[in-house]
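Below is one structure, written out as structure tokens; the observations come after it.
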Amino acid sequence: MVKLPIAEVLRHHKGLVAMGVGACVIALSATYFKTTFALSWAVTSIGFDRTQFLSVITFAIVVQLIVQPFGAVLATKMDLKKAIIYMLVPEIVALPLMFSMIATGSTWLAMIGMALASIPHSLYYAAMAGMLAKAFPAQVRYTGISLAYQICGMVFAGTTPILGQYLLSATGSILSVVALGVVHVLITLVCALMLVARMQGEGTLETQRAVARV
């Protein structure tokens, strides 16, 4: 039993926390790209009525609720590295596509674009919880997961609308915001794969030790 789990995590598992933070990025920031920032941009720059675009967001949320459980199924039915790649790589295409379809000013195209962009990160979000749970030792698991999730929320997710608006104002182009989203996806992909590789490496080491003891 660890008396002060947070001290244990920060002393012995800083690398895991850092990878966990990175592995959470697009799973958390995607919501802010789709809702807070996209709503403001669509209403002020594209000409959508606020209520009209809120219906677009609502449709995407419904899609997310339907799709999300399948991410956990994929993560348990196939190799986790492959599952992560299959879930995250499409977001690199889907996120720019979403902004392009919103830019048309068509409610139906915006709905389709946002729904498509919701699928990859929704699948990944469901798989992410199990991945983080396996990554941290049992005695500090809740603390490690919480630190990774909350730090990510503070550093990446919470700043997404602010940084997105800054980039849009500074460049005058939505492409800069799209680039930010793609960077978030790449950070998540790299950190998630590093986390899985570390987990699998430690599992192999434990197996070798068990064989040696026998």
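Calculate the spin-label point distance for residue 58 paired with residue 109, positioning each point 7 Å from the Cα along the beta-carbon direction, and give it in nanometres.
With each label placed 7 Å out from Cα toward Cβ, I get 2.4 nm.
Name the residue, out of 198, 11, 141, whose mean-square fluctuation peaks in a Gaussian network model built on the chain with Cα pairs under 10 Å.
11
I need the phi-derived Karplus couplings for region 181-194: 6.51 cos²θ - 1.76 cosθ + 1.60, θ = phi - 60°, integer Hz, Gly and Pro marked x.
With the stated coefficients, region 181-194 comes to x, 5, 4, 4, 5, 5, 4, 4, 4, 5, 5, 5, 5, 5 Hz.
Which whole-angstrom value gives the distance between the alpha carbon centres of region 55-84 and region 105-136?
6
If you take the beta carbon distance between residue 40 and residue 6 as r and set R0 to 41 Å, what does 1/(1 + (r/R0)^6) give as a FRET efficiency, to the nearest 0.05? Intermediate values should be presented prior to the final figure.
Values: r = 36 Å, r/R0 = 0.88.
With R0 = 41 Å, the Cβ-Cβ based efficiency is 0.70.
So if we plug the beta-carbon distance of residue 78 and residue 142 into 1/(1 + (r/R0)^6) with R0 = 41 Å, what FRET efficiency do we get, rounded to 0.05? Kindly include the intermediate steps, with their values, before the conclusion.
Numbers: r = 27 Å, r/R0 = 0.66.
After rounding to 0.05, the efficiency reads 0.90.
Would you mind ranking 109, 88, 116 so that the residue whose beta carbon has the fewest other beta carbons within 10 Å leads the list? Can you show the working numbers first?
On the way: 109 15, 88 23, 116 19.
Sorted ascending by nearby Cβ count, the order is 109, 116, 88.
How many lysine pairs does the chain hold where the Cα atoms are under 19 Å apart and the two sit 8 or more places apart or on different chains? Could you put the intermediate results ahead of the total?
Details: 3/14; 14/134; 77/134; 81/134; 82/134.
Number of lysine pairs found: 5.
Rounded, prolate or oblate: which fits region 129-202 when a ≥ b ≥ c are the square roots of the eigenvalues of the alpha-carbon gyration tensor, with rounded for a/c under 1.5 and prolate only if a/b beats b/c? Write down the numbers at each step before the final one.
Values: a/c = 5.31, a/b = 2.14, b/c = 2.48.
Verdict is oblate for region 129-202.
In the chain, if the dipole is taken from +1 on Lys/Arg beta carbons and -1 on Asp/Glu beta carbons about the Cα centre, which of 168, 33, 110 is farthest to the positive end?
33
What is the distance in Å between the Cα centres of region 167-197 and region 18-48?
First find each Cα centre; the distance between them is then 11 Å.
With log10 I(q)/I(0) by the Debye sum over Cα atoms at q = 0.12, 0.17, 0.18 Å⁻¹ in mind, check [x] -0.65, -1.13, -1.22; [y] -0.70, -1.36, -1.49; [z] -0.55, -1.18, -1.33 and report the label derived from this structure.
The listed entry that was calculated here is [x].
Using θ = phi - 60° and the Karplus curve 6.51 cos²θ - 1.76 cosθ + 1.60, what whole-Hz ³J(HN,Hα) does each residue of region 70-83 get, with Gly and Pro shown as x?
5, x, 5, 5, 4, 5, 9, 8, 9, 4, 5, 4, 5, 4
Where a number appears in this text, it was derived from the coordinates with a stated rule and is not lab data. The structure presented is a predicted model; accordingly, all values stated were derived computationally and were not measured. Note: ideal-geometry Cβ built from the backbone for every residue, glycine included; neighbour counts use all protein chains shown.
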